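Here's the structure we're looking at; comments come further down.
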Amino acid sequence: MNSPRLPRKQRRRFLVLAVLRPVATAVLLVTGYYVLPVDRDLDGWTLLLLVGGMAFVVALVVWEIRRILQSPFPTLQGVQALALIVPLFLLIYANVYFVLAHNVPTSFTVPLTRTDALYFVVTVFATVGFGDIAPVTQAARILVTAQMIGNLLLLGIALRVILVAVQHSRARTANADRRFPPAPATPDRDGSS
């Protein structure tokens, strides 16, 4: 790993934080999904929240790419970026499915709780599609189709761009290390190094 050399204690602390941040991010997002009051009417605001949420995800991808390119630890920054972007994307759709099912109970083959909506969005994302929950109304099918297209874009473009940013940043660091090798150790006053 071409990264700055940190003292052992700082490296350990950094690695612990690198693991805890993505986990904490996902936990906070899912907790927010369950506790935020989203039992609202299905109206223009719901569509606006979906479109605004997707625009926010795109802006977040751009912001995270910049952070990756500037990070001394681009791989860890990339993992943290994905731990934020993917759950946020899925939870936005789960929220919209929940609101749709709450307002138009016939939208899906079964009524959706928050957990059902989250389960459904993950099965669509993973392209598993068990068939126990399926969209029935035209609005639900349009939303699921939009999510499937978003899934492809997220996996095909956003993930690729993040990986390229990590590779670019690592290559830049490696080139800088070759151009400016560490200074040789200077001997102590007694002649030992």
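Within region 100-124, how many residues are over 20 Å from the mean Cα position of the chain (by Cα) and of a type in the set (G, A, S)?
The qualifying residues number 2.
Quickly run through region 124-143 and pick out the residues that are free of Cβ contacts under 8 Å to residues at least 40 places away in the same chain and either in a helix (DSSP H, G or I) or of a type in the set (D, E, K, R) (or both). Working first, answer last.
Going residue by residue through region 124-143, those that are free of Cβ contacts under 8 Å to residues at least 40 places away in the same chain are 124-139, 141-142.
Of everything in region 124-143, those that are free of Cβ contacts under 8 Å to residues at least 40 places away in the same chain and either in a helix (DSSP H, G or I) or of a type in the set (D, E, K, R) (or both) turn out to be V124, F125, D132, Q138, A139, R141, I142.
Tell me which residues, restricted to region 123-137, are over 23 Å from P87 (Cβ atoms) and at pLDDT 90 or above. Reasoning before the result, please.
Looking only at region 123-137, we keep the residues that are over 23 Å from P87 (Cβ atoms), and these are 131, 134, 136-137.
Passing the criteria: V136, T137.
Which ones in region 92-111 are farther than 14 Å from L154 by Cα and either touching a Phe, Trp or Tyr at 6+ places or on another chain (Cβ under 6 Å) or of a type outside the set (A, V, I, L, M) (or both)? Full working, then the answer.
First, the residues of region 92-111 that are farther than 14 Å from L154 by Cα: 94-111.
Within region 92-111, N95, Y97, F98, A101, H102, N103, P105, T106, S107, F108, T109, P111 meet the criteria.
Given the residues D132, D116, which is the only one that is touching a helix residue (DSSP H, G or I) at 6+ places or on another chain (Cβ under 9 Å) and surrounded by 14 or more Cβ atoms within 10 Å (Cβ to Cβ)?
Working: D132 fails: surrounded by 14 or more Cβ atoms within 10 Å (Cβ to Cβ).
Result of the check over D132, D116: D116.
If we keep just the residues of region 1-54 that are closer than 20 Å to L100 by Cβ and small (G, A, S), which is modelled with the lowest pLDDT?
G44
The values are calculated or read from the model by the stated rules, or taken from the named source; none is laboratory data. What you see is a predicted model; the values in this text were computed from it and never measured. Note that we place each Cβ from the backbone using ideal geometry, even for glycine, and neighbour counts take in every protein chain shown.
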